[in-house]
Amino acid sequence: MKIHVFGSCSGTEPMPGRHHTAFAVETGGFLYWFDAGENCSYTAHLMGLDLLKVRAVFISHTHMDHIGGLGNLLWNIRKLTHVYHRRPEYDIELFIPNMSSWDGILSVLKNTEGNFRCDFSINAHGVGDGRIYRDELVSVEACHNLHLGNSPPWLSFSYRITGEGKSIVYSGDIRNSADLDTLLAEGCDVLLTETGHHTPDAMPKHIREHGYKVGKLMYIHSGRDILEDEEKAARLIRSAWDGDFVICRDGVSYGV
Ligand SMILES: [Zn+2]
């Protein structure tokens, strides 16, 4: 599998060289999209990725730094069906924790050209705990976190993506590291963790304290510690983590 990072920034004001959070997991020639911050489809297209290979989109929660580019992603997919004279091989499955946000985005899309009539369907689903998606290539499990409240209805989720015998955990936004205990208890090959609300050494310390088996740490949704002094942040991470880690950059693809 590959992880293509389109946006690596937390919900800050505009930052040079970084956009709000979005990435896709590629396997079997298809793209599974996670969060859709500003500009994500623009960056993906310029990276040479085929947006008509997007099979499913998973939103962690409906804050602007995670959905600001969702309408444009779907708009670009529709646009490319006309440019390339072909449609996506599969309808697009969209998982979004707050359907009223989807209603708003769809309303905007329907007021663009052609009433947003498409040669494909977008099937929107809510998100709940447990396995929410499975096809012949990947399965995706959702686990609520406490970023948007500590009682139901759960509106913020972390995800585990499994495929090619590997497993990737994506934190989404979390209140604290313990939000991921359920997912990390099983271990993972890669943990994509946010630092918008935490110091960069918080997660590696938590992993070490609990003895979780995490192959590689990837920092996404970077907070000000990383944005203001990446070298200092890297030293802080190294002080708590002797394993592999990377601070993700926009427009870069990483092997899993
Ligand atoms: Zn965020």
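The values are calculated or read from the model by the stated rules, or taken from the named source; none is laboratory data. Please read these numbers as outputs of a predicted model, since none were measured by experiment. Every residue, glycine among them, receives a Cβ derived from its backbone with ideal geometry; neighbour counts consider all protein chains shown. The protein model used for the area step is the full one, side chains on, heavy atoms only, and it has no ligands, DNA or RNA in it. Shrake-Rupley method; radii C 1.70, N 1.55, O 1.52, S 1.80 Å.
Just the residues that are open to solvent by less than 10 Å² (accessible area, probe 1.4 Å), under 19 Å from TYR159 (Cβ atoms) and not small (Gly, Ala, Ser), please, taken from region 41-56. Give the derivation first.
Just the residues of region 41-56 that are open to solvent by less than 10 Å² (accessible area, probe 1.4 Å), to begin with: 41, 44, 51-52, 54, 56.
Those still in the list that are under 19 Å from TYR159 (Cβ atoms) too: 44, 54, 56.
Of everything in region 41-56, just one residue is open to solvent by less than 10 Å² (accessible area, probe 1.4 Å), under 19 Å from TYR159 (Cβ atoms) and not small (Gly, Ala, Ser), namely VAL54.
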Any hit, region 89-106, residues being within 17 Å of THR21 (Cβ to Cβ), polar (S, T, N, Q) and either touching a Phe, Trp or Tyr at 6+ places or on another chain (Cβ under 8 Å) or within 16 Å of the ligand (Cβ to nearest atom) (or both): yes
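For the subset of region 220-233 comprising residues that are touching a strand residue (DSSP E or B) at 6+ places or on another chain (Cβ under 8 Å) and in contact (Cβ under 8 Å) with a residue 40 or more places away in the chain, which member is most open to solvent (accessible area, probe 1.4 Å)?
Of region 220-233, the ones touching a strand residue (DSSP E or B) at 6+ places or on another chain (Cβ under 8 Å) are 220-223, 226-227, 230, 233.
Those still in the list that are in contact (Cβ under 8 Å) with a residue 40 or more places away in the chain too: 220-223, 227.
Working: ILE220: 0, HIS221: 3, SER222: 0, GLY223: 2, LEU227: 43 Å².
Selected residue: LEU227.
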Strands (runs of 3 or more DSSP E) wholly inside region 117-224 containing at least 2 residues that are under 14 Å from SER60 (Cα atoms), within 16 Å of the ligand (Cβ to nearest atom) and in contact with a Phe, Trp or Tyr (Cβ under 9 Å, 6 or more places away or on another chain): 157-163, 188-194
Any hit, region 160-181, residues being aromatic (Phe, Trp, Tyr) and either closer than 20 Å to GLY128 by Cβ or open to solvent by less than 10 Å² (accessible area, probe 1.4 Å) (or both): yes
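Quick check on my filter: what residues within region 66-79 are under 20 Å from HIS19 (Cβ atoms) and either of a type in the set (D, E, K, R) or touching a Lys or Arg at 6+ places or on another chain (Cβ under 9 Å) (or both)? Give the derivation first.
In the first step, residues of region 66-79 are kept if they are under 20 Å from HIS19 (Cβ atoms); the result is 66-77, 79.
Across region 66-79, the qualifying residue is only LYS79.
Of a type outside the set (A, V, I, L, M) and without any contact (Cβ under 8 Å) to a residue 40 or more places away in the chain: which single residue out of GLU164, GLU209, GLU141 fits that description? Step through it out loud before you land on a result.
Values: GLU164 fails: without any contact (Cβ under 8 Å) to a residue 40 or more places away in the chain; GLU141 fails: without any contact (Cβ under 8 Å) to a residue 40 or more places away in the chain.
Result of the check over GLU164, GLU209, GLU141: GLU209.
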Of the criteria (1) over 21 Å from GLY28 (Cα atoms); (2) of a type in the set (A, V, I, L, M, F, W, C); (3) surrounded by fewer than 20 Cβ atoms within 10 Å (Cβ to Cβ), which one ILE132 fails: (1)
Pick from region 28-63, criterion of a type in the set (Val, Ile, Thr) and under 21 Å from ARG87 (Cβ atoms), ranking: farthest from the chain's Cα centre (by Cα): VAL54
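Would you confirm, using the coordinates I've provided, whether TRP102 is of a type in the set (Phe, Trp, Tyr) and assigned to a helix (DSSP H, G or I)?
Numbers: of a type in the set (Phe, Trp, Tyr): yes; assigned to a helix (DSSP H, G or I): yes.
Against the criterion (of a type in the set (Phe, Trp, Tyr) and assigned to a helix (DSSP H, G or I)), TRP102 qualifies.
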Given (1) open to solvent by less than 10 Å² (accessible area, probe 1.4 Å); (2) away from the ligand (no atom under 14 Å from the Cβ), index of the condition HIS66 fails: (2)
Residue count for region 225-256, restricted to those that are over 13 Å from ALA202 (Cβ atoms), assigned to a loop (DSSP other than H, G, I, E, B) and touching a helix residue (DSSP H, G or I) at 6+ places or on another chain (Cβ under 7 Å): 2
Among (1) in a loop (DSSP other than H, G, I, E, B); (2) touching a residue at least 40 places away in the same chain (Cβ under 8 Å); (3) within 15 Å of the ligand (Cβ to nearest atom) - the single one PHE23 does not satisfy: (1)
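Condition check ((1) among the small types (Gly, Ala, Ser); (2) within 16 Å of the ligand (Cβ to nearest atom); (3) buried (at least 21 other Cβ atoms within 10 Å of the Cβ)) across all residues:
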site	(1), (2), (3)
THR12	no, yes, no
THR27	no, no, no
ASN39	no, yes, no
PHE58	no, yes, yes
ASN76	no, no, no
TYR84	no, no, no
